[in-house]
């Protein structure tokens, strides 16, 4: 009665009868292996009590396996491997196997999918074991790859939780990669994760997702620093246990990303950085994370990027930067901020000269005035000496393009300054002709 589940018992009697299989009952403590037992069985013509003796028996437990993908579809082709703690492998047929009680490691693999590992499973009774397998890179099992998978991968890496492995692999492309689990998360897992990210991302992005980003009433976790002409830095504020970050930049007509890269602080740490462009390059995603550390990044540059403007397409709207920053203490900062483009205004503005750098004998400067007023446009050399005055008169409200003849100027850095009775703006120009 102490046995909760019955298995198949094979026993050898030391005397009285030869080895055989008969109906019987056991009276013993719960356990497995060899034991002193009182055994009662029924023979075809008689019933008698055997003298207690040593009988050797082994319980065989029936295991059944199955797998599904995140959508609930059955994965009938999954390869399943079962090993005991001595690394002895048990052959599985038709997703079933009989094994003695013990501790086992179970591996589920399928080409193009990650390897799911159930480690140190204490098997003591008949059981059906089902798991969810998903594509390589889908660490949180929701059917796709996104920032949540990057963050989950970093958490698993920090905890050395190898329950899901991505590498090493065999195969020629992510669609047919077969994971060869090695029981650890290391560079090979990271390399496969990055390869799959770069190959599996969609070309479209539903911008309705940005509706989930709240406008914070608290102090923003980032600030945008304008660092030179059309160059920006995303600087963190009050981030004391940085783990990972997700940045989206939603561009407007006439604006494109020219260059984007992590802040210099990431060069000194074990980091991951993955990016992607969507919607004909109108939505730009940049993800970063730090492994095995919890860092105070307050005041540090998270991201640097530069933009390029097509003046024929510029609209009176500004790009928006959406951010989500996760820390190791569980804090999540999520909101958005506007990227102010000087040229995308209805007020007083001075655009970057184009082309810049100047490689011919002329360049153009765009000026926008909210009202008719007298303006002065001066050019200075790097020492602050006035080189020429391009404009010194009253202009009507609106946009004006002023041509600057650079013929005769030496290569180098120059500055041009727009002044009115209320405003003053300076830009830098490089001549390399």
**Report entry** Three-way shape label, segment 171-212, alpha-carbon gyration tensor, a/c 1.5
**Finding:** prolate
Query raised in the report: Taking a point 7 angstrom from the Cα of residue 231 along the C-beta vector, which residues in segment 365-400 have backbone N less than 19 Å away?
Result: 382-383
Query raised in the report: If the chain between residue 124 and residue 273 were fully stretched, how many nm would it gain, using 0.36 nm times the residue separation less the Cα-Cα distance?
Result: 49.2 nm
Requested in this report: Can you pull a Stokes-Einstein diffusion coefficient for segment 321-433 at 25 °C (0.890 mPa s), Rh from Kirkwood over Cα pairs, as a whole number of µm²/s?
Outcome: 152 µm²/s
Report summary line: Quick calc, residue 172 & residue 291: beta-carbon distance into FRET formula, R0 41 Å, rounding 0.05, result 0.90
Report task. Can you put 65, 210 in order of Cβ neighbours within 10 angstrom, beginning with the fewest? Result -> 210, 65
Report task. Using 0.36 nm per residue of separation minus the Cα-Cα distance, give me the extension gain between residue 331 and residue 433 in nm, one decimal. Result -> 31.5 nm
**Report entry** Per-pair calculated FRET efficiency, R0 = 51 Å: residue 308 and residue 184 via Cβ, rounded to 0.05
**Finding:** 0.75
Query raised in the report: If you average the sequence gap of Cα pairs under 8 Å that are 6 or more apart and divide by the length of segment 241-377, what percent do you get for the contact order?
Result: 27 percent
Requested in this report: May I ask you to derive the FRET efficiency for residue 364 and residue 280 from their Cβ-Cβ distance with R0 = 22 Å, giving the value to the nearest 0.05?
Outcome: 0.20
**Report entry** Difference of contour (0.36 nm per residue) and Cα-Cα distance, residue 76 to residue 200
**Finding:** 42.3 nm
**Report entry** Fewest-first ranking of 75, 63, using other Cβ atoms within 10 Å as the exposure measure
**Finding:** 75, 63
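Just so you know, all these numbers are worked out from the coordinates, no wet-lab data involved. Because the structure is predicted, anything quoted here is derived from the model rather than measured. Here Cβ is always computed from backbone atoms with ideal geometry, including for glycine, and neighbour counts include all displayed protein chains.
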